[in-house]
Amino acid sequence: QVELVESGGGLVQAGGSLRLSCVASGNAVRFKFMGWYHQAPGSQREWIATITGAGYTNYAEFAKGRFTISMNSAKNTMYLQMNNLKSGDPGTYYCYSEGWIAAYWGRGTQITVSS
């Protein structure tokens, strides 16, 4: 089993920045890729970005230029740097891991953007 725990959420003013982290722990934290998802209030969960173990990244179109996904493998931690936060960014951000056998989700961390 793999446990994913997100942190770094909170209140930020529009135009500001936040850095989310996701710490993976368990017997085996090997993965094909990991990623971040966002769910705004009343909306469907949407994919933001993914990163492979080799460091290759992919981004949803809306995230390009504002969000950056990265990983520190030594700490089993994935990050999402979010800049220029806007009114559409609030909601829950989830960490995801696609393993060789199973997929795992974190419980999410909340983001609130004030104007």
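The residue list 65, 91, 108 contains one member that is of a type in the set (Gly, Ala, Ser), under 16 Å from residue 17 (Cα atoms) and open to solvent by less than 30 Å² (accessible area, probe 1.4 Å), which is 91.
Check every one of the strands (runs of 3 or more DSSP E) wholly within the range 69-115 and list those with 2 or more residues that are more than 13 Å from residue 9 (Cα to Cα).
77-82, 91-98, 103-105
Does residue 73 satisfy the condition of being under 19 Å from residue 5 (Cβ atoms), surrounded by fewer than 14 Cβ atoms within 10 Å (Cβ to Cβ), in contact (Cβ under 8 Å) with a residue 12 or more places away in the chain and hydroxyl-bearing (Ser, Thr, Tyr)? Judged against the criteria, residue 73 is a match. Look at the range 34-63: where a residue is more than 20 Å from residue 2 (Cα to Cα) and a partner is assigned to a strand (DSSP E or B) and of a type in the set (Asp, Glu), sitting 6+ places away or on another chain with Cβ atoms under 6 Å, you get 38/46.
Evaluate the range 22-39: report whether one residue or more is open to solvent by 60 Å² or more (accessible area, probe 1.4 Å), aliphatic (A, V, I, L, M) and assigned to a strand (DSSP E or B). If you could, list the steps in order and put the result at the bottom.
Of the range 22-39, the ones open to solvent by 60 Å² or more (accessible area, probe 1.4 Å) are 23, 27, 30, 32-33.
Next, only the ones that are aliphatic (A, V, I, L, M) stay: 23.
Imposing the further condition that a residue be assigned to a strand (DSSP E or B) reduces the set to 23.
So far as the range 22-39 goes, yes, one or more of its residues are open to solvent by 60 Å² or more (accessible area, probe 1.4 Å), aliphatic (A, V, I, L, M) and assigned to a strand (DSSP E or B).
The values are calculated or read from the model by the stated rules, or taken from the named source; none is laboratory data. Quantities reported herein were computed from a predicted structural model and do not represent experimental measurements. Here the Cβ is made from the backbone with ideal geometry for all residues, glycine too, and neighbour counts use every protein chain on show. Note: areas computed on protein heavy atoms with side chains; ligands, DNA, RNA excluded. Shrake-Rupley method; radii C 1.70, N 1.55, O 1.52, S 1.80 Å.
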